[in-house]
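*Asks:* My structure is below; once you've seen it, I'll send some questions.
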Amino acid sequence: MDLLDCIIIGGGPAGLNAAVVLGRCRRRILVFDTGGYRNKVSHGMHNYLTRDDILPTGFIDLAHREVVKYGGSILQKKIVNGRKNKEEIFVVTDDEGTSYHAKKLLVATGLSDNVPNIPGFREFYGKSVFHCPYCDAWEVRDKKIAVYAKNKEGWELALALKGWSDQVIYLTDGGNKIKPDQRAYLDANGISINRDRIACLESRDGALTHVVMKGGDRIPCEAVFFVNGFTPQCNLAEAFGCDMTRKGVVVTNLAQQTNIPGLYVAGDASKDMHFVVVAAAEGAKAGVSINKELQKEVSERRYAEARKK
Ligand SMILES: Cc1cc2nc3c(=O)[nH]c(=O)nc-3n(C[C@H](O)[C@H](O)[C@H](O)COP(=O)(O)OP(=O)(O)OC[C@H]3O[C@@H](n4cnc5c(N)ncnc54)[C@H](O)[C@@H]3O)c2cc1C
């Protein structure tokens, strides 16, 4: 059996930054990734110092080079299950049935957004349809912005977007979640509400121009921000018995440790803000914690052996 120091599942910013830290600690690591990092469709990455506007694919390519430089390996494979054997070794299995063994496990498998199932949303997702104003609102400042929120409350997002544009409209797509006091806030801030069902997004020459309502209205619109929840990309940590929040992400301590000894979670899959820089920072913290734990185990074992002599 080839026993690795750490297996990292997920090759987004969280997993890859952990891989760099652990590689530089001379640990034997293997990263598994299916290439579905959350911002893959984005027109450009923001809020990461020195990498403003870089395409996410370009960012991941740079990160791969750094992982490899420090001896890490990346396999484009999906991990489908995992367990701890009776020697407390993590055993994970890919979708072709091959198993891999490691002393520690880091899950950094991220989330995916529930993009509304309306014609045009998928097509413009990451270009003119977004979920995060901090990531993308600067690029559409002063433009006509629609907020989509059917099953979730979107009034706070609508109010927030007023910081970037005066032309904000709230679309409920037939939903009826707005409470009277929220409505009063929206009114006071000049945000109109349209409760009709949405038929599709309309574009001209590749640019979003309107939201078309089922009742026939065509609402001028250059960008849509939606609130529709997210789904974990992988339920491995939950299957291991990790404590979860009600939103479906994993509870960790400040060192990214879960309640399962030796199992760490970092990035969007754990409970903190969803930013590349935060995911990368959590990956770095997990890397340090894992290295310290491995170091401690070795020094304690050697100390115990020396005492026996
Ligand atoms: C449209 C859009 C734009 C965004 N723009 C920005 C921005 O400008 N700035 C910013 O800071 N943040 C931005 N974000 C948020 C950012 O993408 C996330 O916070 C970040 O990607 C989280 O990193 P992560 O490593 O936790 O997860 P991810 O980047 O999602 O990576 C997880 C990886 O795990 C892999 N994986 C999942 N399951 C398995 C499995 N079973 N086996 C193997 N591999 C698996 C996936 O394929 C994926 O590659 C944006 C998000 C979206 C959707």
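Derivation of every value follows stated rules applied to the coordinates shown; laboratory data play no part. All of these numbers come straight from a predicted model, not from anything done at the bench. In this analysis, Cβ positions are derived from the backbone assuming ideal geometry, glycine residues included, and neighbour counts consider all displayed protein chains.
*Asks:* Sort the following peptides by mean Cβ neighbour count (other Cβ atoms within 10 Å, averaged over residues), highest first: 184-197, 262-275.
*Replies:* 262-275, 184-197
*Asks:* Hey, rough spin-label estimate for residue 134 and residue 239, points 7 angstrom out along Cα→Cβ, what's it come to in nanometres?
*Replies:* Going from the residue 134 label point to the residue 239 one covers 3.2 nm.
*Asks:* Can you give the extra length, in nm with one decimal, that the chain gains between residue 3 and residue 83 once fully stretched, where that is 0.36 nm per residue apart less the Cα-Cα distance?
*Replies:* Values: separation 80, 0.36 × 80 = 28.80 nm, distance 1.46 nm.
Full extension from residue 3 to residue 83 adds 27.3 nm.
*Asks:* From zero up to wherever the largest Cα-Cα distance of segment 121-226 sits, split into 10 Å bins and tell me the percent of pairs in each.
*Replies:* For segment 121-226, the binned pair fractions read 16, 52, 30, 2, 0 percent.
*Asks:* If you take every DSSP beta bridge whose two residues both sit in the chain, what share of them, in percent to the nearest 5, is antiparallel?
*Replies:* Expressed as a percentage, antiparallel bridges in the chain total about 45.
*Asks:* Rounded to the nearest angstrom and ordered from largest down, what semi-axes does the equivalent ellipsoid of the chain get from its C-alpha gyration tensor (root of 5λ)?
*Replies:* With the √(5λ) rule applied to the chain, the semi-axes are 44, 19, 17 Å.
*Asks:* Turning to a different aspect of this structure: Rounded to the nearest 20 debye, what is the charge dipole size of segment 20-158 about its Cα centre when +1 sits on each Lys and Arg Cβ and -1 on each Asp and Glu Cβ? Could the numbers behind the result be given before it?
*Replies:* On the way: 23 positive and 17 negative charges, 113 e Å.
Dipole about the Cα centre, nearest 20: 540 debye.
*Asks:* So who's got an amide H within less than 5 Å of the one on residue 226, skipping anything under 5 residues away but keeping other chains? H placed 1.01 Å off N, in plane.
*Replies:* Distant-sequence amide H within range of residue 226: 130, 131, 148.
*Asks:* Continuing with the same structure: What is the distance, in nm, between label points placed 7 Å from the Cα along the Cα-to-Cβ direction at residue 192 and at residue 52?
*Replies:* 3.5
*Asks:* If you count, for each residue, the other Cβ atoms within 10 Å and average over each peptide, how do 12-21, 41-50, 235-244 line up from highest to lowest?
*Replies:* 12-21, 235-244, 41-50
*Asks:* With r defined as the distance between the Cβ atoms of residue 305 and residue 24 and R0 fixed at 30 Å, what FRET efficiency is calculated, to the nearest 0.05?
*Replies:* Calculated transfer efficiency: 0.60.
*Asks:* With each label point set 7 Å from Cα along the Cα-Cβ vector, what nm distance links residue 122 and residue 95?
*Replies:* With each label placed 7 Å out from Cα toward Cβ, I get 1.7 nm.
*Asks:* Sticking with this structure for a sec: Can you compute 3J(HN,Hα) from phi for each residue in segment 151-157, using the Karplus curve 6.51 cos²θ - 1.76 cosθ + 1.60 with θ = phi - 60°, rounded to whole Hz and x for Gly and Pro?
*Replies:* 9, 10, 7, x, 5, 5, 5
*Asks:* For each cysteine in the chain, check whether another cysteine's C-beta sits under 4.7 Å from its C-beta; list those where none does.
*Replies:* 6, 25, 200, 221, 234, 242 - these cysteines have no disulfide-compatible partner (Cβ-Cβ under 4.7 Å) in the chain.
*Asks:* Can you flag which of 143/285; 69/308; 77/285; 150/285; 69/247 are past 32 Å Cα-Cα? Could you put the intermediate results ahead of the total?
*Replies:* Values: 143/285 39 Å; 69/308 40 Å; 77/285 25 Å; 150/285 37 Å; 69/247 37 Å.
Pairs exceeding the cut-off: 143/285; 69/308; 150/285; 69/247.
*Asks:* Of the options 267, 13, 82, report the single residue whose Cα projects farthest towards the positive end of the charge dipole of the chain (beta-carbon charges: Lys, Arg +1; Asp, Glu -1).
*Replies:* 82
*Asks:* Also, I was wondering about something else. Over segment 121-226, what is the percentage of antiparallel beta bridges among all DSSP beta bridges, to the nearest 5?
*Replies:* 40
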